[in-house]
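Single-structure report; data block below.
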Amino acid sequence: MLLSQQKTYDVCIVGSGAGGGMAASVLTRAGADVIVLEAGVPWDNTKDSAMLTWPYDTERRGASTRERPFGEFDACIGGWDIAGEPYTRAPGTRFDWWRARMVGGRTNHWGRISLRFGPRDFRHKSVDGLGDDWPISYDDVKPYYDRVDRLVGIFGSKEGLPNEPDGIFLPPPRPRCYELLVKQACDRLAMTCIPSRLSILTRPLNGRPACHYCGQCNRGCRSNSNFTSTNVLLAPALATGKLTLVTNAMAREVTLDKSGRVTGVAYVDKTDGSDRHARARVVVLAASACESARLLLNSKSSLFPNGLANSTGVAGKYLTDTTGTDMAGFIPRLADGVPHNEDGVGGMHLYMPWWLDNAKLDFPRGYHVEVWGGRDQPSAGFMGGIEDYPGGGGYGKDLKDMYRRYYGAVVGFSGRGEQIPSDDCYCEIDADTVDRWGIPVLRFHWKWSDHEVRQVKHMHETFQAVIHAMGGTPLWAMPGADEQYGIAAGGRIIHELGGTRMGDDPKTSVLNRWCQAHDVRNLFVTDGGPFVSQADKNPTWTILALAWRTSDYIASEMRKGRL
Ligand SMILES: Cc1cc2nc3c(=O)[nH]c(=O)nc-3n(C[C@H](O)[C@H](O)[C@H](O)COP(=O)(O)OP(=O)(O)OC[C@H]3O[C@@H](n4cnc5c(N)ncnc54)[C@H](O)[C@@H]3O)c2cc1C
Ligand code: SF4
C-alpha cells in the first residue's frame, strides 16, 4: 500500500549531497516549504567524525571495509559495491559506479578541490569542433560561483590565467617541503604550478572556525572548517524551520498527474520497507548524475512510456567521467629527512592547472595534475612496497630504519583530465535486474576514445619529467598501449556527469538552460546530470553554482505563480 503524506510541500528534493543541499539551502531561504528525501543514514561530521582517532585505536588500523573503501575512518559511507544495490555493465565494458548513502552524500569525503570551469569550457565545440557547447556561458554562472565562494569559503591565489578563473579567495596555506621541490621542478619545465584551490577555511567565515591543519579532511571535520553539504547547507536550512529531512528514503519514481505535471516522489522507507509518497508542487532531482537519470527512466507513464522527460530518448546519454592515472616517484633528496610536522589541510597545497595548447598536441583536451606525498599520519598499508626502494626491505631493526629513511621521500602525481562526451558512454535500465526493493537498476556502456587514451599517455610523460627534474626515479613503469596507458576505468575518478544534459534544443537535451525539464515544467535537476561536458577541472564547484542558479529560478517562477 502506498502511504501518501497529507501535506503538499512546495518542493521535494531527492538527495542531500552537493546539488540537493544547495537547492535546500537556497529554497528554504526563499521561504519555500521543502522536503528532502535522502536514501542514506543520518551522519554529522561535527559529532560522528573520526578526525582525532589514532590508527592504533582500532584493530583494523584504518584498513578499508566494504562500506568504507577509502578506510574505516573515512567519512563517506558508500562505495562502488553496495549490498543490495547492484548495477550491471554491457558485455566487454567497464564502468564502476560510486555511491554515497548518508546525509550530505559524497561531500562528506570529497577532496574539496574546488575549481571553476573557465569560459572556454562552456564553448569547447566552438573551439575544436568536438562534443557540444553549453546553452549558457561562464558569465551566466560567474555570479553564482562568486556567491558559492562567499558562502562556503575557498582558498587560492589570484593568477589571471586565461581559462582558470580566479575566485574570491581566502589566503592559501604555504607549500610543504616536498611541494616546494615540485614547484622548483615545474619552474624548470615551464609548467604552471600554483597554490591549490580547496574549500577549506584558512580564516574564520560565516560562524565557522579556520582549519587547524590536522590533515584529516577525508574523515570529516569536527570543527566544520571544510565544506560539507550537511553542515554548511542543510544545517542552516533546517534552522529556518522550512526543511523536512527524511533519511533512509529511497526514491523509486517521480509521480505524474494526467495533465503531465509531476505531483511528488514515491519512495521506499528503508527502515520498514514500506512504500511512501511525498507530495510537492515542484520536484528537484539531486540524487547524483546517474541516479537522477535512473529515476527518470524508471518513471514510466502513458504520457512518457520511455521514462519521464525522455520523449526524445536523451535521458541516460552523454555520460562522462574525469580521465585519470597516477604515478609516484622516489626522491632521494627527501630521504633521511629531518622529522617535522608536515600536516596541513587535508589535501594538496599546490597543483598544476592545464598549461599547454592542445592545438599543438595529439589530443584535444587538457588535464590538471594533483600532487601528493609527505609525512602523513601512518596507518594500515603504510609504505607498502618498501622492498622496491633502493636497499629497501629486511627485517627487525633494519626494516624500521628503512621506514624512517624513506618516510616522506615519495611524491605522487595524479592526472585529472577532460573526457569528450560520445554515443559510446551512457546508461539505461537493465530490464532483468532489480535492487533489494525491486527497483530496476542501471546498465552502463563505456568506451574511452583515442582522445582520452592519448591524453593519459601524456600525463605519464609529464609525471616522469617532473620526477626526473626533482632528481628522482618513478616507482613503477609507465603502462603501455596494451593497457591504454593505465587510464582508470570509467567511474573510478568519481566525477560522473551528464545523463540529463541541458540544451536549447529539446531534441538533443533533457533540460533547458535553467535545468528545467523540457517536457515537464515543474521538474528540475541540480546534480551533475545537467552538465553538457566535463572540463580539465573537478566538477563540484560548478554543481553548487548551477544548483544555486536553478534554485533562484525556481523561487522566482514560484513567486510569479508559474510553477
Ligand atoms: C573520494 C571522492 C573524492 C572526490 N573529490 C572531489 C574533489 O576534490 N573535487 C570535486 O569537485 N569533486 C570531488 N568528488 C566528487 C563530488 O563528491 C561529487 O561531484 C559531488 O558530491 C556530487 O554531488 P551530487 O549532489 O550530484 O551527489 P552526491 O553528493 O553523491 O549526493 C547524492 C545524494 O543522493 C542520495 N540518493 C541517491 N539515490 C537516491 C534515491 N534514489 N533516493 C534518495 N536519495 C538518493 C545519495 O544517498 C546521496 O546522499 C569526489 C568524490 C569522492 C567520492
Ligand atoms: S585539516 Fe582542517 S579542515 Fe581538514 S579536518 Fe583538519 S581542521 Fe578540519
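Any residue that is aromatic (Phe, Trp, Tyr), part of a loop (DSSP other than H, G, I, E, B), within 16 Å of ligand 1 (Cβ to nearest atom) and buried (at least 17 other Cβ atoms within 10 Å of the Cβ) - is there at least one of those in the stretch 150-163?
no
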Among the listed residues Phe524, Phe531, which satisfies the condition of being part of a strand (DSSP E or B), touching a residue at least 12 places away in the same chain (Cβ under 8 Å), more than 16 Å from ligand 2 (Cβ to nearest atom) and crowded, with 24+ Cβ neighbours inside 10 Å?
-> Phe524
For residues that are touching a residue at least 60 places away in the same chain (Cβ under 8 Å) and assigned to a helix (DSSP H, G or I), scanning just the stretch 131-142, find the one that is least open to solvent (accessible area, probe 1.4 Å).
-> Val141
Got a number for residues in the stretch 203-231 being open to solvent by less than 10 Å² (accessible area, probe 1.4 Å) and either within 12 Å of ligand 2 (Cβ to nearest atom) or not small (Gly, Ala, Ser) (or both)?
-> 5
Considering only residues that are free of Cβ contacts under 8 Å to residues at least 40 places away in the same chain and of a type in the set (A, V, I, L, M), look in the stretch 164-189 and name the one that is surrounded by the most Cβ atoms within 10 Å (Cβ to Cβ).
-> Leu170
Select from the stretch 417-432 the residues that are open to solvent by 30 Å² or more (accessible area, probe 1.4 Å), in a strand (DSSP E or B) and touching a Lys or Arg at 6+ places or on another chain (Cβ under 8 Å) and list them in ascending order.
-> Tyr426, Glu428, Ile429
Selection status of Arg365, part of a helix (DSSP H, G or I) and more than 16 Å from ligand 2 (Cβ to nearest atom) = no
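Suppose we filter Val510, Val466 for residues that are closer than 30 Å to Thr325 by Cβ and crowded, with 24+ Cβ neighbours inside 10 Å; which single one remains?
Within the list Val510, Val466, the selection yields Val466.
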Consider Arg106 against the criteria (1) in a helix (DSSP H, G or I); (2) more than 12 Å from ligand 1 (Cβ to nearest atom); (3) buried (at least 16 other Cβ atoms within 10 Å of the Cβ); (4) of a type outside the set (S, T, N, Q): it satisfies all of them except one. Which criterion is unmet?
-> (2)
Which members of the stretch 332-349 meet the condition of being away from ligand 2 (no atom under 16 Å from the Cβ) and surrounded by 22 or more Cβ atoms within 10 Å (Cβ to Cβ)?
-> Leu334
Could you list, in sequence order, the residues of the stretch 253-264 that are open to solvent by 50 Å² or more (accessible area, probe 1.4 Å) and closer than 18 Å to Tyr9 by Cα?
-> Glu253, Asp257, Arg261
Just give me the residues in the stretch 176-194 being in a loop (DSSP other than H, G, I, E, B) and either within 16 Å of ligand 1 (Cβ to nearest atom) or in contact with a helix residue (DSSP H, G or I) (Cβ under 6 Å, 6 or more places away or on another chain) (or both), in sequence order.
-> Leu189, Cys193
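Name the single residue, out of those in the stretch 112-130 being open to solvent by 30 Å² or more (accessible area, probe 1.4 Å) and touching a Pro at 6+ places or on another chain (Cβ under 7 Å), that is modelled with the highest pLDDT.
It comes out as Leu130.
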Do you know which residues across the stretch 60-98 are open to solvent by 10 Å² or more (accessible area, probe 1.4 Å) and outside any loop (DSSP other than H, G, I, E, B)?
-> Thr65, Arg68, Thr88, Arg89
Pro479 in a loop (DSSP other than H, G, I, E, B), touching a Phe, Trp or Tyr at 6+ places or on another chain (Cβ under 8 Å), more than 16 Å from ligand 2 (Cβ to nearest atom) and not charged (D, E, K, R) | yes
Do any residues in the stretch 31-49 that are open to solvent by 30 Å² or more (accessible area, probe 1.4 Å) have Cβ atoms under 6 Å from those of residues that are more than 14 Å from ligand 1 (Cβ to nearest atom) and aromatic (Phe, Trp, Tyr), where the two are at least six apart or on different chains, and which pairs are they?
-> Asp33/Tyr9
Pick from the stretch 433-463, criterion closer than 30 Å to Pro332 by Cβ and open to solvent by 40 Å² or more (accessible area, probe 1.4 Å), ranking: nearest to the chain's Cα centre (by Cα) = Lys457
Give the number of residues within the stretch 195-212 that are within 16 Å of ligand 1 (Cβ to nearest atom) and either over 14 Å from Arg112 (Cα atoms) or not in a loop (DSSP other than H, G, I, E, B) (or both).
-> 3
Qualifying position, being charged (D, E, K, R), part of a loop (DSSP other than H, G, I, E, B) and crowded, with 20+ Cβ neighbours inside 10 Å, among Lys300, Lys317 = Lys317
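The values are calculated or read from the model by the stated rules, or taken from the named source; none is laboratory data. All values derive from a computational prediction rather than experimental measurement. Positions of Cβ are generated from backbone atoms using ideal geometry, with glycine treated the same way; all protein chains shown enter the neighbour counts. The protein model used for the area step is the full one, side chains on, heavy atoms only, and it has no ligands, DNA or RNA in it. Shrake-Rupley method; radii C 1.70, N 1.55, O 1.52, S 1.80 Å.
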